[in-house]
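S.K.: Questions regarding the structure given below will be posed in turn.
The values are calculated or read from the model by the stated rules, or taken from the named source; none is laboratory data. Just so it is clear, the structure is predicted and the values come from calculations on it, not from any experiment. All Cβ positions, glycine included, derive from the backbone under ideal geometry; neighbour counts span all protein chains shown. Just so you know, the surface numbers come from the protein's heavy atoms only, side chains and all, with ligands and any DNA or RNA stripped out. Shrake-Rupley method; radii C 1.70, N 1.55, O 1.52, S 1.80 Å.
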Amino acid sequence: MPNFCAAPNCTRKSTQSDLAFFRFPRDPERCRIWVENCRRADLEAKTSDQLNKHYRLCAKHFDPAMVCKTSPYRTVLKDTAIPTIFDLTSHLRNPHTRHRKRIKELTEEDIRKIKERRLASSIEQLVSKKDAAVEDGTSTNEDEPQLSTEEKEFREYLRSLFEVVVLLGKQSIPLMAEKASEAEHKSNNFQALLDYRMNAGDEALKKRFEATAVNTEYLSATQQSQLLDICENTVREEMLMEVRESRFFSLVTGDLVEFSNEKHLPLFLRFVNQQNVLREEFLDFVLFDGDESALVERLEAQLTDRWGLSMEDCRGQAHKATGTSTTKMKAVAVLLMEKYPLALHMPCSHMALNIHLASSLPFPNVQVVMETLRRIGAFFRTPLTQDELEKAISSHYQKNEEKGTALKQSSGSGWTEQHNVFDVLLDLLPPLLLCMDSILDNDDGKFADAVTADAYSITETLAEFEIIVTIVILKNVLTFTRAFGRNLQGETLDVFFAANSLTAVLHSLNEVNDNIDVYHEFWYEEAVSVASVMQIPEKVPRLFLRKQRAADVGEIQAESYFKEYVTVPVIRGIMQEVEDMFSENNLKALKCLSLVPAVMGQMKFNTTEENYADVYRNDLPNPDTLPAELHCWRIKWKHRGKEVRLPTTIHETLQLPDVKFFPNVNSFLKVLSTLPVLKLEDNKSHTASERLRAHLASMPTKQWNKSLAMLNVNTHVKHDLDVMVDKYCRLYPEDDPEAEAAAEEAADEDGVMK
């Protein structure tokens with residue numbers, strides 16, 4: 001007779017797959033946790049014996065590390081395994097379907113009680129039982145095998161290894177050091193820390209090392225890689241459990257990172273956790289190889305097959321692409337929205353809108369400007385270079401000290417990532433070239449050759465007339481979106497008004513486009529004026545002239561060329577990008593921020609969220625009661641006491657104790673909070689993307705490691721060394737002591753030294 005899976009929305013049975021099916025445990029405490037996680041109300045009245053006898057869960061609902069294949073014919077669970085991977089939402093997309101396995105709807109109070117019981121009772125009891133069993137030398141589970149002395153020692157040894165790996169990850173220390181020369185190597189960082197622990201009295205490591213053959217590599221590169229993989233997966237699973245509990249999330253990608261000559265895309269997830277706090281966490285790197293369709297499939301597989309999430313619950317996406325990857329990531333966003341319309345494509349809150357818009361333009365001259373900006377930002381993080389720039393500013397603006405002082409302040413740390421970056425760059429161009437010339441001279445020899453080489457390269461780029469014209473055009477066109485972009489990264493009230501001001505922004509851009517001849521004439525004169533100050537001649541790019549001669553076409557005037565090939569494409573490209581980035585659904589979502597009490601107050605409590613609620617109607621627990629609930633929500637804040645302050649952000653609103661009495665509003669705010677365009681409320685620590693960038697900057701490129709990056713960026717995530725040890729023992733059983741001892745004996749018999 002086949003086994004059927006008892007999980008909701010799961011139709012697997014044993015005759016249709018090779019999956020293992022596991023009985024509900026006899027232990028009442030563990031069995032109750034299984035039932036709670038399943039959300040099957042009809043199972044709550046049954047005893048643990050009844051459940052154990054008649055009900056099963058398939059292996060798909062357990063973390064793979066909890067499942068152990070003891071032989072080709074037998075698969076077992078870890079004694080404390082708890083199912084955590086469930087599809088509790090797919091039935092919502094087909095509400096008319098009858099379900100044999102009804103899913104229990106949880107109230108906020110149910111969730112709170114479940115978490116309290118799990119943390120305060122069930123888990124602690126299981127751990128205490130396990131600890132007591134170890135102390136008494138007995139087992140609470142008849143099926144649990146007793147650990148031999150060798151196995152216990154091996155586990156202690158693994159625990160020490162994992163402690164060292166976690167330490168290396170937290171401190172951004174590579175496991176392998178660079179070669180000192182071809183003949184000798186620097187001390188291996190991992191080995192050095194193991195030696196230190198042994199000298200400090202770590203008996204498990206010491207005993208293991210003494211039993212190893214003299215010329216055997218103490219820990220091979222393969223084993224080190226296995227340890228890193230286990231650490232990385234354990235930390236990731238800890239975060240994924242929170243994402244699954246929260247259900248809704250947004251997908252955010254970062255700048256490309258290269259490992260082993262392959263480009264990878266950093267992947268972040270933004271979600272609201274069970275404490276109603278918005279978080280954005282770094283989860284993994286995804287291979288960037290292949291076309292847009294292949295990348296979309298890879299992202300879907302990562303999120304659904306490997307992580308147990310549903311792309312149907314993705315409510316936003318933002319891609320911080322630069323250079324040639326921009327076009328590909330825009331295509332990826334379009335493909336994802338075609339499959340999942342609610343995965344709204346939005347700008348990322350970490351990047352100024354003007355920089356995002358300029359980076360999205362697929363024109364070579366614009367991409368050269370953006371790449372040069374990134375190089376300038378990195379260049380002035382080098383010691384002494386900023387001092388040299390300030391001297392050049394003082395020299396150039398000696399007759400206008402007020403402007404010189406203001407420019408020094410605006411060109412401080414991080415200016416290449418600000419909303420007004422092109423305004424600052426234009427004012428900075430003449431002193432910037434003076435600074436670069438001074439560094440190139442290097443009279444006192446205080447700059448390294450690499451610094452002077454970078455200075456020369458930047459100077460060569462900025463001294464091109466085409467680049468100056470492009471900077472002037474970008475500065476003037478993006479003036480119309482600068483205030484709009486600032487508001488998007490401001491407080492909730494600013495974002496709400498930004499959504500309502502988009503029509504005015506587009507109107508201004510259209511007005512420029514309709515009168516492009518007039519605007520271009522003024523802008524081109526400005527570019528010629530800046531170039532003359534820098535003694536750069538007005539000319540058409542050499543490549544274009546060469547193509548003209550080859551085609552035997554008459555000469556073109558410089559002003560006409562730059563109008564046709566720079567001004568017109570830039571203004572139209574910016575208009576198109578703004579329209580794409582702020583579609584009707586995007587604006588509807590942002591206008592729903594009027595649910596925040598401070599925004600309602602600013603609007604004199606005359607808001608109409610109902611008009612935009614249809615975007616997220618299926619995400620609400622009781623959509624039919626939404627109008628009445630919204631009316632009550634407005635009345636609550638309109639007639640509040642004088643001493644009651646209106647919450648100004650989504651985070652503040654979600655922390656209110658009585659928000660749970662407004663379930664639709666509560667759900668609405670949680671979904672809105674995940675949108676990537678909204679800034680993170682928690683400013684106590686750097687964002688995950690900033691931590692990743694800092695980690696990569698602190699290590700030589702050749703020593704970048706994906707797993708170490710994962711550990712370093714997520715040092716705040718708790719990790720359980722015992723879980724890591726269990727995973728290692730199950731995934732790599734060949735590393736057990738008996739197998740190694742047998743291998744060593746065979747090697748000795750053959751007279752071979754490993």
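S.K.: Does at least one position in the stretch 684-698 carry a residue that is in contact with a helix residue (DSSP H, G or I) (Cβ under 9 Å, 6 or more places away or on another chain), in a loop (DSSP other than H, G, I, E, B) and open to solvent by less than 30 Å² (accessible area, probe 1.4 Å)?
M.R.: No, the stretch 684-698 has no match at all.
S.K.: Against the definition (of a type in the set (A, V, I, L, M), in a helix (DSSP H, G or I) and either closer than 27 Å to Leu462 by Cα or not assigned by the TED database to the domain that holds Pro597 (or both)), how does Val540 come out, yes or no? I'd like the intermediate steps shown before the answer.
M.R.: Details: of a type in the set (A, V, I, L, M): yes; in a helix (DSSP H, G or I): no; either closer than 27 Å to Leu462 by Cα or not assigned by the TED database to the domain that holds Pro597 (or both): yes.
Answer is no for this residue.
S.K.: Still on this structure: Under 6 Å by Cβ, and 6 or more places apart or on different chains, what pairs join a residue from the stretch 516-529 that is among the small types (Gly, Ala, Ser) with one that is buried (at least 17 other Cβ atoms within 10 Å of the Cβ) and part of a helix (DSSP H, G or I)?
M.R.: Final answer for the pair search is Ala527/Ile468; Ala527/Val469; Ala527/Val472.
S.K.: Taking only pairs six or more apart or across chains, which ones have beta-carbon atoms under 8 Å, a first residue in the stretch 492-514 that is open to solvent by less than 40 Å² (accessible area, probe 1.4 Å), and a second residue that is part of a helix (DSSP H, G or I) and of a type in the set (Gly, Ala, Ser)?
M.R.: Listed by first residue and then by second, the contacts come to Thr492/Ala598; Phe496/Ser594.
S.K.: Also: Looking at this structure, is Gln275 in a loop (DSSP other than H, G, I, E, B), farther than 20 Å from Gln317 by Cα and not β-branched (Val, Ile, Thr)?
M.R.: The answer is yes for Gln275.
S.K.: Let me ask you something else. Pick from Glu217, Glu297, Glu238, Glu281: which is in the same structural domain as Met329 (by the TED database), modelled with pLDDT of 90 or more and open to solvent by 40 Å² or more (accessible area, probe 1.4 Å)?
M.R.: Values: Glu217 fails: modelled with pLDDT of 90 or more; Glu238 fails: modelled with pLDDT of 90 or more; Glu281 fails: open to solvent by 40 Å² or more (accessible area, probe 1.4 Å).
Answer to the selection: Glu297.
S.K.: Restricting attention to the stretch 376-390, and to residues there that are of a type in the set (D, E, K, R) and surrounded by 14 or more Cβ atoms within 10 Å (Cβ to Cβ), which single residue is nearest to Thr405 (Cα to Cα)?
M.R.: Step one: filter the stretch 376-390 for residues of a type in the set (D, E, K, R), giving 381, 387-388, 390.
From what's left, surrounded by 14 or more Cβ atoms within 10 Å (Cβ to Cβ): 388, 390.
Numbers: Glu388: 15, Glu390: 9 Å.
Checked the stretch 376-390; the qualifying residue nearest to Thr405 (Cα to Cα) is Glu390.
S.K.: Would you confirm, using the coordinates I've provided, whether Lys636 is touching an Asp or Glu at 6+ places or on another chain (Cβ under 9 Å), of a type in the set (Lys, Arg) and under 30 Å from Tyr519 (Cα atoms)?
M.R.: no
S.K.: Right, here's the next one. Could you list all residues from the stretch 561-582 that are hydrophobic (A, V, I, L, M, F, W, C), under 18 Å from Thr481 (Cα atoms) and part of a helix (DSSP H, G or I)? Reasoning before the result, please.
M.R.: Quick first cut of the stretch 561-582, residues hydrophobic (A, V, I, L, M, F, W, C) only: 562, 566, 568, 570-571, 574-575, 578, 581-582.
Retained after the next criterion (residues that are under 18 Å from Thr481 (Cα atoms)): 568, 570-571, 574-575, 578, 581-582.
Val568, Val570, Ile571, Ile574, Met575, Val578, Met581, listed by residue number.
S.K.: Check Val596, Val566 and return the single one that is crowded, with 20+ Cβ neighbours inside 10 Å and either assigned by the TED database to the domain that holds Pro541 or within 26 Å of Leu474 (Cβ to Cβ) (or both).
M.R.: Answer to the check: Val566.
S.K.: Under the condition of being farther than 27 Å from Leu357 by Cα and without any contact (Cβ under 8 Å) to a residue 40 or more places away in the chain, which residue from the stretch 302-323 is most open to solvent (accessible area, probe 1.4 Å)?
M.R.: If we take residues in the stretch 302-323 being farther than 27 Å from Leu357 by Cα and without any contact (Cβ under 8 Å) to a residue 40 or more places away in the chain, then Arg306 is most open to solvent (accessible area, probe 1.4 Å).
S.K.: Return the pair list, or none, for Cβ contacts closer than 8 Å from residues in the stretch 606-618 that are under 14 Å from Ala589 (Cβ atoms) to residues that are in a loop (DSSP other than H, G, I, E, B), at least 6 apart or on different chains.
M.R.: Cβ pairs passing all conditions: Ala613/Leu620; Val615/Leu342; Tyr616/Leu342.
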